[in-house]
Amino acid sequence: MPLSLIACSALLLHLCGMACAMHAVMRVRTSQGAIAWALGLVVMPYLTLLPYFFLGASRFRGYARLRQMNQQRRRYVARQWPERVPYLQRHLPAPEHLQRFKAINAMLQQPFYSGHKLRLLINGQATFKAIFEAIAQAEQVILIQFFIIHDDDIGRRLQQALLEKAAAGVRICVLYDGIGSHALPRRYIETLRAAGIRIHAFATRRWRNRFQLNFRNHRKIVLIDGWRVFLGGLNVGDEYMGKQPPLSPWRDTHMELQGPAVADAHASFLRDWRWVTGELPPFLPPREGEGNATCLVAATGPADRQETCSLLFVTLIHAATTRIWLTSPYFVPDPSVFSALRLAVMRGVDVRILIPSRPDHRVVFLASSLHAAEAHKAGIKMFRLQPGFIHQKVALIDDDTSMIGSMNLDNRSFRLNFEIGAINIDRDFACQVETMLEHDFEQALPVTTEEYLGAPFPRRLAMNIARLMGPVL
């Protein structure tokens, strides 16, 4: 009898595995991911069924509703900002200067705008100093969104700063990701709510997606009074201040943006807040631009019709004529991005990529190591930052264009996470980014094929196995 029960259980698991394998073949976005899941579900359902339940979905089920809410958000903005159309038309740059990024405009259905003031913020001390100063100066509305908020020193400083502004009558909305901030204690949240601050966790809110580790909201936004926004790679935690050995010193980059494109960052927050709460947060229009930079705030995610984040990188790489420098903590590119990088090398473009020398996620680090070795063979100049851990997500294209945001060079950012970044066309700002990255490259060592070929066989095997998991890393 026990043997019969075991046999029936095994048969049931294999049948469930086959059913899920068919689901994967029909639903997973990439052929590589579909093959990996289908093979594992058919051959080893005992090991793969549970992970598939949590990680298998790659299409956002709330797509139709989110699009409907996006239309409602546009109408809401139009009512709150009747001068929107003439304001934005005044800040439309000459189209002949932006032909190389025309595909980005078509894909995101939004234009670049001129008249921005930019500030580069290098590492945690400068970033949070600027953010806390901006919060202290807020007069009406503070909108905050982070993937991670910790109840540690920097997290409690943020909490106290928000409590003080709430007491002064400032309206405050806070979004945090339910998975990224899983360790955030209830008392932290309740303390803010008791002060009148509206704070919620981002969740997909679908019966199956409720259990998904995919579709995380990886965006980092601090928006003050509708006219200045902070974007970049830093979350709220002491590790981002360099206080977590052995990953310290922590290398990261943020930026402040003022000008018309702030409205698009605001719109991204509005849509996320509407999705979570069913309500719309306060909206204030941006002020007239006081700078010369041309910018586009790109909010990408799994609810988009196209794989916008991956295509965004492909377009930026193809636009490069002299150089494309990239930094990312994770280097697990999809075939389209990897092909674009190799083609850029063939065009004579200076392609450099900076990645960490220390792992924060070991499986991702192993996969990144194999991809880095293959990139080196293709002529891409790969470097590992030696001191601490590099978490910044920065791109520098030629002498005038940069992108700073939350996007990593991996499948999770390309297809599974909600991300945001600012594409900035401005020679002075690009020069600042160049100086910053040159300093980083001076503290880095080149990656060679010996890193892979000289590794022991078990490590090389582990790298190849980790690469197979690329679609879910």
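Taken together, the values in this text are just the output of simple stated rules run on the coordinates, not laboratory data. Everything quoted here is computed from the prediction, not taken from an experiment. Glycine also receives a Cβ, built like all others from the backbone with ideal geometry; neighbour counts cover every protein chain displayed.
Let a ≥ b ≥ c be the square roots of the eigenvalues of the Cα gyration tensor of the stretch 308-472; is it rounded (a/c under 1.5), or, if not, prolate (a/b larger than b/c) or oblate? Cα axes put the stretch 308-472 in the prolate bin.
For the chain, what does the relative contact order come out to in percent, with C-alpha contacts under 8 Å and a separation of six or more? Once divided by the residue count of the chain, the mean separation gives 17 percent. With the simple model of a label 7 Å out from the Cα in the direction of the Cβ, Gln137 to Gln125 spans 2.1 nm. Placing +1 on each Lys and Arg Cβ and -1 on each Asp and Glu Cβ, with no other charges, gives the chain a dipole about its Cα centre of roughly 1720 debye.
Using DSSP to call loops (not H, G, I, E or B), can you name the GluC sites (Glu not before Pro) in the stretch 212-286 whose Cβ has at most 15 other Cβ atoms within 10 angstrom?
Glu279
Between Phe441 and Arg287, residue separation times 0.36 nm minus the direct Cα-Cα distance comes to 51.7 nm.
Going by the alpha-carbon gyration tensor, a ≥ b ≥ c the square roots of its eigenvalues, is the stretch 244-306 rounded (a/c under 1.5) or, if a/c is not under 1.5, prolate (a/b greater than b/c) versus oblate? Taking the square roots of the gyration eigenvalues as a ≥ b ≥ c, the stretch 244-306 is oblate. Taking a ≥ b ≥ c as the square roots of the eigenvalues of the alpha-carbon gyration tensor, the stretch 244-385 is classed prolate because a/c is 1.5 or more and a/b outweighs b/c.
If each residue of separation counts as 0.36 nm, what is the full-extension length gain between Asn464 and Gln109 once their alpha-carbon separation is subtracted?
Full extension from Asn464 to Gln109 adds 123.9 nm.
For Ser9 and Arg193, the FRET efficiency from 1/(1 + (r/R0)^6), where r spans their Cβ atoms and R0 equals 51 Å, is about 0.65. Measuring nothing but how far apart in sequence close Cα pairs (under 8 Å, 6+ apart) lie, relative to its length, the stretch 308-472 scores a relative contact order of 28 percent. Gain on full extension, evaluated as 0.36 nm per residue between Leu39 and Lys243 minus their Cα-Cα distance, stands at 69.2 nm. Rounded to 0.05, the FRET efficiency of the Ala78 and Asp399 pair, given R0 = 45 Å and the Cβ-Cβ distance, is 0.75. Selection among Leu5, Ala38, Val141 by position relative to the dipole of the chain gives Leu5 as farthest towards the positive end (Cβ unit charges, Cα centre).
Taken over the chain, lysine pairs spaced eight or more positions apart, or on distinct chains, with alpha carbons under 24 Å apart number 15.
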